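Peer 1: Would you mind keeping the following structure in view while I ask a few things?
The values are calculated or read from the model by the stated rules, or taken from the named source; none is laboratory data. Not measured: the values here are computed from a predicted model. Note: ideal-geometry Cβ built from the backbone for every residue, glycine included; neighbour counts use all protein chains shown. Only protein heavy atoms, including side chains, enter the accessible area calculation; ligands, DNA and RNA are left aside. Shrake-Rupley method; radii C 1.70, N 1.55, O 1.52, S 1.80 Å.
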Amino acid sequence: MKRFITGIATMILFASAMLTTPKANAQPGVYVSIQTFYDELSPYGQWIEDPSYGYVWCPSVGRDFRPYYTRGHWAMTEYGNTWVSDYDWGWAPFHYGRWTYDDYYGWIWIPDTEWGPAWVTWRDGGGYYGWAPMRPRVSISIAFGPNYYVPNTWWTFIPCRYMYNPHFHNYWRGTSYNTTIINNTTIINNTYRNTYVYGPRSSEFTGRTGQRVNVYNIRNNNRPERTIVRGNELRMYRPEVTQGPRNSNMRPEHFERATRAIDNGTNMRNGGVEGQTPGRNDNRQREEQQRQIQERDRQQDNQRLEMDRQRQMQDRDRQQQDAQRQQMDRQRQMQEQQRQQDVQRQQMDRQRQMNEQQQIEQRRQEQWNRQQQEQQRQQQDMQRQQQMEQRRQMDMQRQQQQEQQRQMQDQQRQQQMQQQRQMQEQQRQQQMQQQRQMQEQQRQQQWEQQRQQQQQMQRQEQRQEQRNYDRPAPQQREAPQQREAPQQRNDNGSRDRGRFR
């Protein structure tokens, strides 16, 4: 029943992974043959002809080299956990083919044509993430099976929070702790389209550590070179590799033949290798090999137990030594604390002196600032007084100008009034003169008229007298009366003349 439930959960995980992740393909449009591996990797290692795997490659690195550990780090991409290698040749062995370990040659890479972000298996638990290179000719179904075996020394366990740290190597405790950690961890069986193991998901990592994972986008390079990280992108060379025809002459230019067969997957407990049907002799040989391997594993386990006992004894000795060292360290710490206290006191005294000097300097600075401010105030007051004086002078000048203008205006007004008076007086005199002249003219005209009238009247009187003298006697009686009238007229005329005169 448990196996049935486990199988259903595995199928659900496979389906979810296939639905939520894009298809992991190599670089489209770039096709190369497996000869490219032979040519590009030859400068960086030795090709070996093995009777089981064919041509395999051994990198020219130190004995401490570990695939998916040395000179590289993990990065999350759209294809899952991707290994970013710092080697110039890292574009091929960590993304195509598989790795295995040989006691004589060390780590050996077996080429393959399928690209992947990393060909490893994963474990999780106890606050650790762990990974190990996947064996050659092993499918995902076998890697998740109970009979799949990976040597404990192949695993690398790192605390979860340092999973994507470029310097995660500083937090690896070594292979001596792998057995304990393996017992507290489980296989991560989330796969990518049933092709390779996806590894820890970003949401799981964030929920466990509280850290956000930066998801990079993979971009393609057009030539074999080191993987480059630029901003939010990983630029790598990942062509589509073809195996080539069976009768082709593709092979490394320089290679050596293996003196013995390289480990061909006999580490698997049931002895089965994917894609092969063993015969009876092969089964016997493999059973014998399995027994030998089991015996070797038992011997190794016994050796490990003995080593663990020795390590425990050494640990006890180390603990005692550590206790002594701790006592010594405590004494040293006490002495160091006293020294530090003395130093702190000296520092405090120096600090106090410095503070006092700083305070004195601050006071001097404040006094100088005050003096400067006072001088500035005085200067400002002087400027204000000067401005006030200038304003007063300006006001005085304005008043003087206004007074002068008023005087000028008054003078002008007086002159205008004087001129107007003179003009009026002249006009009056002229008018009076004209009136006098007119009156005089009128008087002369009247007098002339009266004179003329008197002359006319005298002439009339003379004419009348002359007429009277010339008339006959009967008319003499009336003459006196007629004569009296002219006299009156003459009297009136004389009166009038005296009046006009």
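Peer 1: Beta carbons within 10 angstrom, averaged per residue: use that to sort the peptides 158-167, 83-92, highest first.
Peer 2: The most tightly packed comes first, giving 83-92, 158-167.
Peer 1: Additional query: Enter the accessible area per residue of the range 60-109 (Å², integer; probe 1.4 Å; all protein chains in place).
Peer 2: On a per-residue basis, the range 60-109 sits at 29 Å².
Peer 1: Whenever you get a sec, compute what percent of the accessible area on the range 62-212 sits on carbon and sulfur atoms (1.4 Å probe).
Peer 2: 44 percent
Peer 1: Also, quick follow-up: Would you grab the residues whose amide H sits under 5 Å from the one on GLY45? Only those 5+ places off in sequence or on another chain, please, with H modelled 1.01 Å from N.
Peer 2: The list, which skips near neighbours in sequence, is SER60.
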